[in-house]
1. Regarding the stretch 77-92, can at least one residue be identified that is buried (at least 18 other Cβ atoms within 10 Å of the Cβ), part of a strand (DSSP E or B) and in contact (Cβ under 8 Å) with a residue 40 or more places away in the chain?
2. Filter the stretch 27-68 down to residues that are aliphatic (A, V, I, L, M) and part of a strand (DSSP E or B) and give me whichever is nearest to the chain's Cα centre (by Cα).
3. Report whether or not Val131 is among the hydrophobic types (A, V, I, L, M, F, W, C) and without any contact (Cβ under 8 Å) to a residue 60 or more places away in the chain.
4. Say we look at the stretch 1-19 and pick out the residues that are outside any loop (DSSP other than H, G, I, E, B) and touching a residue at least 24 places away in the same chain (Cβ under 8 Å); which of these is nearest to Val56 (Cα to Cα)?
5. Let me confirm something: among Arg148, Arg98, which residue is basic (Lys, Arg), outside any strand (DSSP E or B) and farther than 21 Å from Leu15 by Cα?
6. Is it fair to say Glu115 is under 16 Å from the mean Cα position of the chain (by Cα) and not in a loop (DSSP other than H, G, I, E, B)?
7. Collect the residues in the stretch 93-112 that are closer than 18 Å to Val2 by Cβ, over 14 Å from the mean Cα position of the chain (by Cα) and either surrounded by fewer than 13 Cβ atoms within 10 Å (Cβ to Cβ) or among the aliphatic types (A, V, I, L, M) (or both), keeping them in residue-number order.
8. Tell me which residues, restricted to the stretch 111-142, are farther than 19 Å from Asp94 by Cβ, among the hydrophobic types (A, V, I, L, M, F, W, C) and out of contact with any strand residue (DSSP E or B) (no Cβ under 7 Å at 6 or more places or on another chain).
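The values are calculated or read from the model by the stated rules, or taken from the named source; none is laboratory data. Since the structure is predicted, the reported quantities are computational estimates derived from the model, not experimental observations. Cβ: placed from backbone, ideal geometry, glycine included. Neighbour counts: every protein chain shown.
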Amino acid sequence: MVRYDHPDAVKLTELVQAEYVRRYASEVGDSSPMAPEEFDHPNGIFFIGYVDEIPVAMGGWRRGGPNGDTDGEIKRMFVLDSHRGQGLSRQVLDELERSAARQGIMRLVLETGTEQPEAIALYRSAGYVDVPAFGFYAEYDDSVHLGRVL
């Protein structure tokens, strides 16, 4: 567990933003507002996954969503290309779900995009289902909104 503004989180965030720019042919990547303190315990959490002391995966949740404070929103799930296919995304997701449940979160929600089929497949295979559009990307045609009751 680290703060969202930890240097390793910043480094991985820069990489995921570059991936968003590439996948969506945009100039800025994900521009939804996020502040480091939103991920501070007990109202959120942020994890970095390390392999041989190298940061290779990350993800976090912050309290709030369509159902208010009983929802938690997953943000910044990412695994380096070099470490995909090893189950790290599933491990991060499992830990996010466990930590959210411990803090009284009843449901996790997230927004991803149509150009991230791997992410959509991961979430659906973990039991996430379509939910009504919400938040910053609610009006975007290429957004996919998912949720799972914990």
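1. Within the stretch 77-92, one or more residues are buried (at least 18 other Cβ atoms within 10 Å of the Cβ), part of a strand (DSSP E or B) and in contact (Cβ under 8 Å) with a residue 40 or more places away in the chain.
2. First pass over the stretch 27-68, keeping only residues aliphatic (A, V, I, L, M): 28, 34-35, 45, 48, 51, 54, 56-58.
Within this subset, residues satisfying the condition of being part of a strand (DSSP E or B) are 45, 48, 51, 54, 56-58.
Working: Ile45: 11, Ile48: 12, Val51: 20, Ile54: 20, Val56: 14, Ala57: 11, Met58: 8 Å.
My answer is Met58.
3. It is false that Val131 is among the hydrophobic types (A, V, I, L, M, F, W, C) and without any contact (Cβ under 8 Å) to a residue 60 or more places away in the chain.
4. Looking at residues that are outside any loop (DSSP other than H, G, I, E, B) and touching a residue at least 24 places away in the same chain (Cβ under 8 Å), I get Leu12.
5. Working: Arg148 fails: outside any strand (DSSP E or B).
So the residue among Arg148, Arg98 that is basic (Lys, Arg), outside any strand (DSSP E or B) and farther than 21 Å from Leu15 by Cα is Arg98.
6. Taking the combined requirement at face value, the residue does not satisfy it.
7. The answer is Arg98, Arg102.
8. Within the stretch 111-142, Phe136, Ala138 meet the criteria.
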